[in-house]
């Protein structure tokens, strides 16, 4: 049964008002929202640190209670990531190439990036374009239709180009993530 958006909101509202516990949970999160709004004006450090730790406590408690389901879900997520990595749909591959172009364009124009960051970005993003052009040449030479996924995956060269390109893309995303964490922790600490 597929519900429209407003029916889904109505269903959630009806569920949330059925038990006293759900009303308490709703009020707790509504109070957290109000505290965050008030904190924008008063900037109290207690609220700034308490609410994220409270939400982390809720998350960890949920993971402890439902640890078996969490491991099953994590396994499924990793399985889907591996499937996307090894057998990436062509629209996803084209999206990663487009995102790589945008990242490279931003890196070239950015004045705040260090030389080391720019060099690392060039080393990780430019090969993606080399692999993409090579992929298009392989598809053209072998008369491979991009709409026929089985034709692409039956050609070892085309499949290898996609997979290695995805490795470079994920390496770039990983370096961006760790760079963000480094600068975030440096700013906060």
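What follows is calculated from the coordinates using simple rules that are stated; it is not laboratory data. These numbers were taken from a predicted model, which means no experiment stands behind them. Heads up, the Cβs are rebuilt from the backbone with ideal geometry, glycines too, and the neighbour counts pull from every protein chain shown.
Points 7 angstrom from Cα along the Cβ direction at residue 157 and residue 50: gap in nanometres?
Result for the modelled spin labels: 6.6 nm.
Mind sorting out which of [x] 17.9; [y] 21.5; [z] 20.6 is the real Kirkwood radius over Cα pairs in Å computed from the coordinates?
Step by step, Kirkwood radius over Cα pairs in Å for this structure corresponds to label [y].
So, R0 is 35 Å and r is the distance between the beta-carbons of residue 116 and residue 29; what FRET efficiency does that work out to, to 0.05?
That pair, residue 116 with residue 29, gives E of 0.25.
Taking the alpha-carbon centroid of each part, what is the distance from segment 130-189 to segment 1-36 in angstrom?
The distance from the Cα centre of segment 130-189 to that of segment 1-36 comes to 41 Å.
Take residue 108 and residue 38, extend 7 Å from each Cα along the Cα→Cβ direction, and tell me the distance between the two endpoints in nm.
5.2 nm
Given only helices, namely DSSP H runs of n ≥ 4 each adding -39500 (n - 2.57), what is the per-residue ellipticity at 222 nm of the chain, to the nearest 500 deg cm²/dmol?
The helix contribution divided over the chain gives -29500 deg cm²/dmol.
With a Förster radius of 41 Å, plug the Cβ-Cβ distance of residue 95 and residue 59 into 1/(1 + (r/R0)^6) and report the FRET value to the nearest 0.05.
Between residue 95 and residue 59 the formula returns 0.85.
Kindly express, to the nearest 10 degrees and within the range 0 to 90, the angle between helix 115-141's C-alpha long axis and the longest C-alpha principal axis of the chain.
For 115-141 against the chain, the angle is about 60 degrees.
Against the longest alpha carbon principal axis of the chain, how many degrees, from 0 to 90 and to the nearest 10, is the axis of helix 45-65 turned?
For 45-65 against the chain, the angle is about 70 degrees.
Can you tell me the order of 164-170, 110-116 when each peptide is scored by its average per-residue count of other Cβ atoms within 10 angstrom, highest first?
Ranked by mean Cβ neighbours within 10 Å, highest first: 164-170, 110-116.
With everything on Cα atoms, drop me the angle between helix 20-42 and the longest principal axis of the chain, reported from 0 to 90° to the nearest 10.
The angle comes out near 80 degrees.
Per-residue counts of other Cβ atoms within 10 Å, averaged by peptide: what ranking do you get for 22-33, 91-102, highest first?
Put in order of decreasing packing, that is 91-102, 22-33.
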